[in-house]
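Enquirer: Attaching a single structure in C-alpha cells format; questions to follow.
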Number of protein chains: 2
Amino acid sequence: MEQETISFDRLWQFAYQVFIKIGCPEDQARTSADVLLSADLRGIDSHGLARLSGYVRLWEAGRVNSKPSIRIVHESPSTAVIDGDQGLGLVVAPYAMEVAIEKAKQCGTGWVAVKNSNHFGIAGYHAMKCLQHDMIGMAMTNASPLVAPTFSVERLLGTNPICVVIPANEQPPFVADFATTTAANGKLEILQRKNQDAPLGWIQKKNGTPSTNAHELKEGGALIPLGSDREHGSHKGFCLGAWVDIFSAVLSGANYGPWVPPFVSFLTPPADPVGEGIGHFFGAMRVDAFRPAQEFKQHMDNWIMRFRSAKTIEGQPKVIIPGDPERECEAERRRIGIPLEASVRKDLETLGQKLGVAF
Amino acid sequence: MEQETISFDRLWQFAYQVFIKIGCPEDQARTSADVLLSADLRGIDSHGLARLSGYVRLWEAGRVNSKPSIRIVHESPSTAVIDGDQGLGLVVAPYAMEVAIEKAKQCGTGWVAVKNSNHFGIAGYHAMKCLQHDMIGMAMTNASPLVAPTFSVERLLGTNPICVVIPANEQPPFVADFATTTAANGKLEILQRKNQDAPLGWIQKKNGTPSTNAHELKEGGALIPLGSDREHGSHKGFCLGAWVDIFSAVLSGANYGPWVPPFVSFLTPPADPVGEGIGHFFGAMRVDAFRPAQEFKQHMDNWIMRFRSAKTIEGQPKVIIPGDPERECEAERRRIGIPLEASVRKDLETLGQKLGVAF
C-alpha cells in the first residue's frame, strides 16, 4: 500500500495558517511551522504535523500563550535563564538557542536553561542552528512522565531526549538526537496503530514486570530507560534521563520529574507544581574556542569516514553515522513530498475545518 | 571466604612512594595517590591500585612522563585546551578541572579539552571537585578501542565514560559516572577471573555475533555500546561513546577512535597517530550563573527525595540515586579498610620489591 505524499510547501502553509489562526505573530507562526515541519522532513513523524492539533488543544485549554513575551531573567557572560511565558516551545527554543549562540560568540560557549515553556518539537532542529556558525550545538528537554527509573513502578521521567550536533568539513555533520529510553514513544505509537507487540525491554507493566504489550502505558505501565534492565545498564539510561531533567528544569525553575505537565490537554497538570511549565537546556560551543575550526572539521571528516567505512557484521552494509538516516529522509521528502498516515491526514482536515484553514 | 582488608592510609602511602620512585614531584605523587585510591574507596576496584603497576610499566616504556610540564595551549574566556605533556592522567586531569573551575568563577561556566594525556582514573573524582564550589561538574575521557559501534565488527571506541555531578543541599550529591557500554570492562574482568559467563548483550564475537564468553575480547571480540543491540538502542550507546570521543580528542587534538594508544605497555600505539596521547573533556557550571545556589540545591533535595522514595518493583527496597552505592562503599572502606584480591595484592608486592618500596 503506497502512502499518499503531500508537498512540503503545502503542509508548511497549512501549519503556518493554523498558527496564525490561534493568534501567533507572523514571525512566530513562521518559526513554529519551520520547527514542526523539520520533524516530518527528517522522518520523526511523531513530532511533526501529527502533533499540530495537540498544540492547538493546549492553546484552547489556556495552557499555551500564543503571544508570549519571552525574556532573559538571569544571566552571566556564558549563561542565561529564559522565561518562555508559557509560549510554544517551537518559538521559545529558537529564541533560547539564539541567546546561547550569541553568548558563545562573546566568550567561547553559551548555555541557556529555559522554564515556562511547552514542547519544542525535535531537539535536532535547534541544535543544528549552531552548524552555520562552526559551533557544536546541544539541546535537551524534559517531558511528561512516562518512564520508570530502574526498580520503580512509578513513572517519574519523560523520554527526555539529548541532541549533540558537531560540524564537519566535506562530510555532513554528526547529528545525534535520541530519547534516553530504550525506544522513543513514537516507535511505540507505530506498534499501537499496527496492533503489534513490542520487543521485551521497551516497556514494563504496572507492577514493573516486563511486557510486550504496546498498549501497556494505558494500563499504568511505563517505558524503560535505555539499557532495558539493570543487568544491561538501565541504571545508565536512568542517569541520562535524570541529567536531562535536572539541567532542563532544576537549573531553570521549571517543573521536573513527575511534576512535568502533560502534553495532552485532557490530562490536567499536577496541582502542586514545583516550577513553571516544562524546561529545556541548550548549549553552543565555538569550535575555534578550542582549536582552529578548519583543522577541527578536517579531523571530523577523518573520524566520520573511518567509522563509516568500518568492517561490518555480515549482512549490514555500513556503520551508520548519527544523522545519516534523517538527512537521507529529508532529501527524499523534499523531492517527493511528505507521506501522511490516514489518521494524521484526517486529524488535520478536521482541524482545518474547525479553524477555517483549507488543508 | 573473607577477603583481607588493608587500611586506606597504608595503601595510600604505598602508592605515593611508588609515584615518588618513578620520579613524580611530591605534590604530583600525592595527587596521583589521591585519585587512584579514590577508585578503591568508591568500589571501582578496576580503576584503582589494580592499575598501579600498569602505570609504572607505561613509564618504563617511556610512554608516561613523570615530570610533565602541563600547560594551556589555547583559550577563550570560558574554554581552554591543555597539553598534558604525556603526564599521568592522574595529575593532568586535576590540573584541567581546576582551570575549568577558575573559568566558571569568571564567566559562569568553564570547558576544558585535554590532549597528550594518559588514563585519569575514575571520572567521578575529577567532576566531584566542583561540589565544594556549588558547581555542576562534568568529566569524560576516551580510551583504548575495545567497543564495536552498532553493525561493526571492528573495535573503534573505548568504554568512554561520562560523569555528571550535581550538588544538593542536605541530601548527598547526584553523581552519575558510567561507561557508555552495556557493561564496563571492569565488570567483564571480574567474570574472567571467576571463569563465569557474561550475560548476552555485553559482548560480541570477532564476526559480530552475540557471545557470553567473558574471554571473547582476547579472540578479537568486542564490548557493545549501551543498549546491547539495535532493537534495544545500541545506536544510542554508540552516539554517547562517539560524543565522548569527539569532545575529548577531536576538540583537543588527541588521538581518537581506533588511534587511541593502548593502556597496556605490551601493545604498541598505532604507527600513524592522528593526535597526541589520549584526550579528556571537563566542564564546570556555577549553579548561581542560572539561579540562586540555595534555591537550586533545595530543589535538588526535593528531586532526590522524590525519586528515592518512589514505589518500587516487589523485592526491590528502593530506587537508587546515582552516587549512592559508591558513597556507601567509601564510608565502609574508610572504616574497615580496602579489600584487595589476591592477584592484585601479589602484583603490588612484586611491584614494591622491584622499586624498593615496602608494601
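No value in this document is a laboratory result; all are computed from the given coordinates. Keep in mind that what you see is a predicted model, and the values were worked out from it rather than measured. All Cβ positions, glycine included, derive from the backbone under ideal geometry; neighbour counts span all protein chains shown.
Enquirer: How many angstrom lie between the Cα centre of region A:252-321 and the Cα centre of region B:228-246?
Expert: 12 Å
Enquirer: Which distances, shortest first and in nm, link A:Ile72 to the matching position in the other copies, using label points set 7 Å out along Cα to C-beta?
Expert: Copy-to-copy label distances at A:Ile72, shortest first: 2.3 nm.
Enquirer: Now a separate question. Please find the FRET efficiency linking A:Thr268 to B:His215, where r is the Cβ-Cβ separation and R0 is fixed at 51 Å, and quote it to the nearest 0.05.
Expert: E between A:Thr268 and B:His215, to the nearest 0.05, is 0.35.
Enquirer: Can you give me the span-like helices of chain A, meaning DSSP H runs with 15 Å or more of Cα extent along the axis and Kyte-Doolittle mean at or above 0.5?
Expert: For chain A, where a helix must reach 15 Å along its axis and average at least 0.5, the hits are A:89-107.
Enquirer: Of A:Lys129/A:Lys354; B:Lys187/B:Lys236; A:Lys105/B:Lys236; A:Lys103/A:Lys129; B:Lys218/B:Lys346; B:Lys21/B:Lys194, which ones are farther than 26 Å apart at the Cα?
Expert: A:Lys129/A:Lys354; A:Lys105/B:Lys236; B:Lys21/B:Lys194
Enquirer: Among A:Ser32, B:Ser211, what is the fewest-to-most ranking by other Cβ atoms within 10 Å?
Expert: Ascending Cβ contact count within 10 Å gives the list B:Ser211, A:Ser32.
Enquirer: Counting only other residues whose beta carbon sits under 12 Å from that of A:Phe263, what net charge do I get with K and R as +1, D and E as -1? Please report the intermediate quantities before stating the final value.
Expert: On the way: positive: A:Arg51, A:Arg57, A:Arg63; negative: none.
Neighbour charge sum, excluding A:Phe263 itself: +3.
Enquirer: Specify whether the C-alpha gyration tensor of region A:155-313 places it in the rounded, prolate or oblate class, a ≥ b ≥ c being the square roots of the eigenvalues: rounded for a/c under 1.5, otherwise prolate if a/b is larger than b/c and oblate if not.
Expert: Oblate.
Enquirer: Along the charge dipole of region A:264-314, which of A:Gln294, A:Pro273, A:Gly283 sits closest to the positive end, that is, farthest toward it, with unit charges on the beta carbon of Lys, Arg, Asp and Glu (+1, +1, -1, -1)?
Expert: Checked the options; the winner is A:Gln294.
Enquirer: Within a Cβ distance under 12 Å of B:Pro199, other residues only, what is the Lys/Arg minus Asp/Glu net charge?
Expert: So the environment of B:Pro199 carries a net charge of -1.
Enquirer: Please report, for B:Lys311, the nm distances (one decimal) from its label point, 7 Å out from Cα along the beta-carbon direction, to the equivalent points in the remaining copies, shortest first.
Expert: 5.3
Enquirer: Grab the Cα-Cα distance for A:Arg57 and A:Asn195, subtract it from 0.36 nm times how many residues apart they are, and report the gain in nm with one decimal. Could the numbers behind the result be given before it?
Expert: Details: separation 138, 0.36 × 138 = 49.68 nm, distance 2.65 nm.
That works out to 47.0 nm of additional length.
Enquirer: How big is the charge dipole of region B:183-223 about its Cα centre, in debye rounded to the nearest 20, if each Lys and Arg gets +1 on its Cβ and each Asp and Glu gets -1 on its Cβ?
Expert: 60 debye
Enquirer: Rank the residues A:Tyr55, B:Tyr256 as a footprinting-exposure proxy: fewest other Cβ atoms within 10 Å of their Cβ go first.
Expert: A:Tyr55, B:Tyr256
Enquirer: Under the rule of -39500 (n - 2.57) per DSSP H run of 4 or more residues, summed and divided by the residues of chain A, what mean residue ellipticity at 222 nm is obtained, to the nearest 500 deg cm²/dmol?
Expert: -11500 deg cm²/dmol
Enquirer: Let me ask something else about it. Return the equivalent ellipsoid semi-axes of the protein assembly as shown as a descending list in whole Å, where each equals the square root of 5 times an eigenvalue of the C-alpha gyration tensor.
Expert: 43, 26, 25
Enquirer: So, one more: Once both labels are modelled 7 Å past Cα along the beta-carbon direction, what's the B:Gln294-A:Lys346 spacing in nm?
Expert: Going from the B:Gln294 label point to the A:Lys346 one covers 5.8 nm.
Enquirer: Express as a percent, rounded to the nearest 5, the fraction of DSSP beta bridges in region B:143-244 (both residues included) that run antiparallel.
Expert: 90 percent
Enquirer: Dipole size in debye (nearest 20) for region B:64-134 around its Cα centre, Lys and Arg Cβ +1, Asp and Glu Cβ -1? Don't skip to the end; give the middle numbers.
Expert: Numbers: 6 positive and 6 negative charges, 14 e Å.
That gives a dipole near 60 debye.
Enquirer: Oh, and also: Using a ≥ b ≥ c from the Cα gyration tensor of region A:183-223 (square roots of the eigenvalues), is it rounded, prolate or oblate, where a/c under 1.5 gives rounded and otherwise the larger of a/b and b/c decides, a/b for prolate?
Expert: On the way: a/c = 1.74, a/b = 1.59, b/c = 1.09.
In terms of gyration-tensor shape, prolate.
Enquirer: Using only the Cα atoms of chain A, build the gyration tensor, take square roots of its eigenvalues as a ≥ b ≥ c, and label the shape rounded, prolate or oblate: rounded if a/c is under 1.5, else prolate if a/b is larger than b/c, else oblate.
Expert: Working: a/c = 1.16, a/b = 1.07, b/c = 1.08.
In terms of gyration-tensor shape, rounded.
Enquirer: Only Lys, Arg, Asp and Glu count, each charged at its Cβ (+1, +1, -1, -1), so figure out the dipole size of the protein assembly as shown about its Cα centre, rounded to 20 debye.
Expert: For the protein assembly as shown, the charge dipole is close to 180 debye.
Enquirer: A:Lys297: net charge of surrounding residues, Cβ under 11 Å, Lys/Arg +1, Asp/Glu -1, itself excluded?
Expert: After counting each charged neighbour, the total is -4.
Enquirer: Going 7 Å from Cα along the Cα-Cβ axis for the label, what nanometre distances separate B:Glu328 from the same residue across the other copies?
Expert: Its label point is 4.7 nm from the equivalent points in the other copies.
Enquirer: Using the charge dipole of the protein assembly as shown (Lys, Arg: +1 at Cβ; Asp, Glu: -1 at Cβ; taken about the Cα centre), state which of B:Ala184, B:Trp59, B:Pro322 has its Cα farthest towards the positive end.
Expert: Sorting the options by dipole projection puts first B:Ala184.
Enquirer: Would you mind calculating the relative contact order of chain A from Cα pairs under 8 angstrom and at least 6 residues apart, reporting the percent as a whole number?
Expert: Relative contact order comes out at 21 percent.
Enquirer: Can you tell me how much longer the chain between B:Ile336 and B:Ile313 gets when fully stretched, taken as 0.36 nm per residue apart minus their C-alpha distance, in nm with one decimal?
Expert: Result for the pair: 5.0 nm of gain on full extension.
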